[in-house]
Structure formats: C-alpha cells, structure tokens
Amino acid sequence: MRPPIPVPFVLLVLSVLFGSRTPDPCPEIGGEYKVAIGKWDNLVYCIADGKLQHVYYDAGTFGPPLAKGSCGMRHWGGTDATYKNVKVYRLVEAKKK
C-alpha cells in the first residue's frame, strides 16, 4: 500500500496544473539543462534544474493509466532539441524497516 500524498504536495500540484510556466524554465537556446521526468501511481511530473515544472494526473480518459512499458521524449512548436546522457530508471517503493 502506498503512503498518502501529503496535502502540501497536492496544493503544489494544483498550482502547477492551473498556473503558467512563464518565464520559460529553459530559456537559453543551446543551453544545457538537467531534466528529470518521473511517474508515481497516476502522476507524471517534470523537474528542470531542480524545480518542479509540470505535473500531469492521468485520469484514464484514453484508457487505463500505464503501469509499465516504454517511455519517450518529444518536443514541439517547431523547436530543435538535442538529448544526451539519457538514463532511465525504475522507481521502486522503499521497504519499511
């Protein structure tokens, strides 16, 4: 059984979902940014340079939320992007002592 999500985190999620992402979290063209993308239960989140930038709650609108499988990256808006040093890890729940 997973622990409940703390209320401050839920409030942060709501502020991210209903807020805007201005200024751009990665504004420098050609700059390098450390980006982490994670999934916990039905939440998918994105962190850029140590700051939470986006959280998405998968409500299962287009089918059941994915529990396993592949991941992918894309960019949009006519931008050009390069990815390097990409590492994918499986997150596992720590066992209680």
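Here, each number is a calculation from the coordinates, and none is a lab measurement. All of these numbers come straight from a predicted model, not from anything done at the bench. Glycine also receives a Cβ, built like all others from the backbone with ideal geometry; neighbour counts cover every protein chain displayed.
Given a Förster radius of 25 Å and the C-beta distance between A81 and D41 as r, what FRET efficiency does 1/(1 + (r/R0)^6) yield to the nearest 0.05?
The value I calculate is 0.30.
Say the cut-off is 21 Å between C-alpha atoms; which of K39/K95; K34/K84; K51/K87; K34/K68 go over it?
Table pairs above 21 Å Cα-Cα are K34/K68.
Label M73 and L52 with points 7 Å out from Cα along Cα→Cβ: what is the distance between them in nm?
Once both label points are built, they end up 2.3 nm from each other.
Determine, for each peptide in 33-40, 58-65, 90-97, the mean count of other beta carbons within 10 angstrom over its residues, then list the peptides with the highest first.
Ranked from most to least packed, the peptides come out as 33-40, 58-65, 90-97.
Please compute the length gained on full extension between E32 and V88, using 0.36 nm multiplied by the number of residues separating them and subtracting their Cα-Cα distance.
Difference between extended and current length: 18.3 nm.
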